[in-house]
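> Got a structure here, written out as structure tokens. Questions coming.
The values are calculated or read from the model by the stated rules, or taken from the named source; none is laboratory data. What you see is a predicted model; the values in this text were computed from it and never measured. Virtual Cβ from ideal backbone geometry, glycine too; neighbours counted across all protein chains shown.
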């Protein structure tokens with residue numbers, strides 16, 4: 001997993017997960033069409049669990065921050081569910097892939113099945129710190145200690161926040177067809193998902209309607225209120241910046257955006273929320 005993350009970053013393409021890795025001369029995939037995956041090389045216990053971006057199961061986090069992962073089907077004794085139950089009883093670590101947009105997943109490992117809810121057809125899943133559990137894994141001993149529960153609760157809450165933020169970026173860039181909505185730049189490494197209302201604000205939720213795909217220059221200019229967006233999706237450049245005389249970057253990168261309409265997602269329900277834009281535009285006007 002570490003090699004995959006080093007190559008692709010936090011968000012992994014499904015194709016690389018389907019290819020997997022080589023072990024003892026055999027190719028071991030990391031995912032399958034089913035959410036609970038056990039490669040043939042393993043006798044009983046799955047290797048990974050996956051949540052699809054729009055799959056058939058309603059996986060979510062409980063109020064304590066733990067992931068609630070749904071059974072495979074409605075039969076508690078399905079072999080996949082038995083495998084996860086075995087992983088829980090033996091305290092065996094798994095890899096969790098969280099789908100953020102179609103074809104892209106955020107990897108979390110190690111995770112552990114910590115509780116079984118047969119009446120809800122679900123398991124409770126907690127994340128842990130690889131550095132703390134690795135010594136036990138290397139000696140093939142049971143991964144357990146007296147502080148594991150509060151530690152795992154804390155780590156899993158942090159994972160949830162990471163999933164929300166990483167998911168926000170991927171969903172926003174996907175909605176804007178992976179280009180800056182101001183200048184059409186398409187280099188992913190230079191693109192951000194800018195919040196209309198900052199995430200520090202109670203209204204600054206990590207949803208596509210509160211985001212805009214911007215290159216790093218225009219993200220910084222938007223956050224600094226050099227550029228503003230009216231509720232009718234028209235860009236305004238702050239007056240003092242319009243009056244400046246500098247060089248081609250100022251002219252072509254900022255000033256020429258004045259009174260231009262931003263590029264919008266093709267799906268209307270993913271376009272910026274006009275109420276949030278209005279609130280942010282008022283802030284921009286005060287800065288001018």
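Every residue, every condition in (1) in contact with a strand residue (DSSP E or B) (Cβ under 9 Å, 6 or more places away or on another chain); (2) touching a residue at least 60 places away in the same chain (Cβ under 8 Å), yes or no:
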| position | (1), (2) |
| --- | --- |
| 74 | no, no |
| 84 | yes, no |
| 87 | yes, no |
| 90 | no, no |
| 101 | yes, yes |
| 104 | yes, yes |
| 109 | yes, yes |
| 125 | yes, yes |
| 128 | yes, no |
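To keep it simple, each residue is scored yes or no on (1) outside the structural domain of residue 163 (by TED's automatic domain parsing); (2) surrounded by fewer than 18 Cβ atoms within 10 Å (Cβ to Cβ); (3) within 27 Å of the chain's Cα centre (by Cα); (4) in a loop (DSSP other than H, G, I, E, B).
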{"position": "186", "(1), (2), (3), (4)": "yes, yes, yes, yes"}
{"position": "201", "(1), (2), (3), (4)": "yes, yes, yes, yes"}
{"position": "245", "(1), (2), (3), (4)": "yes, yes, no, yes"}
{"position": "252", "(1), (2), (3), (4)": "yes, yes, no, no"}
{"position": "264", "(1), (2), (3), (4)": "yes, yes, yes, yes"}
{"position": "283", "(1), (2), (3), (4)": "yes, yes, no, no"}
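> Let me ask something additional. Just one of (1) within 12 Å of residue 113 (Cβ to Cβ); (2) over 21 Å from the mean Cα position of the chain (by Cα) trips up residue 41, so point out which.
Of the numbered conditions (1) within 12 Å of residue 113 (Cβ to Cβ); (2) over 21 Å from the mean Cα position of the chain (by Cα), the odd one out for residue 41 is (1).
> Right, another one. Quick check: is even one residue across the range 29-47 within 26 Å of residue 122 (Cβ to Cβ), surrounded by fewer than 16 Cβ atoms within 10 Å (Cβ to Cβ) and in contact (Cβ under 8 Å) with a residue 24 or more places away in the chain?
Yes, the range 29-47 has at least one match.
> Further question on the same structure: Has the range 212-219 got any residue that is at pLDDT 95 or above, farther than 26 Å from residue 243 by Cβ and either outside any strand (DSSP E or B) or in contact with a helix residue (DSSP H, G or I) (Cβ under 9 Å, 6 or more places away or on another chain) (or both)?
Within the range 212-219, one or more residues are at pLDDT 95 or above, farther than 26 Å from residue 243 by Cβ and either outside any strand (DSSP E or B) or in contact with a helix residue (DSSP H, G or I) (Cβ under 9 Å, 6 or more places away or on another chain) (or both).
> Further question: Within the group 98, 78, which residue is at pLDDT below 95 and either surrounded by 14 or more Cβ atoms within 10 Å (Cβ to Cβ) or within 27 Å of residue 148 (Cβ to Cβ) (or both)?
Of 98, 78, the one residue that is at pLDDT below 95 and either surrounded by 14 or more Cβ atoms within 10 Å (Cβ to Cβ) or within 27 Å of residue 148 (Cβ to Cβ) (or both) is 98.
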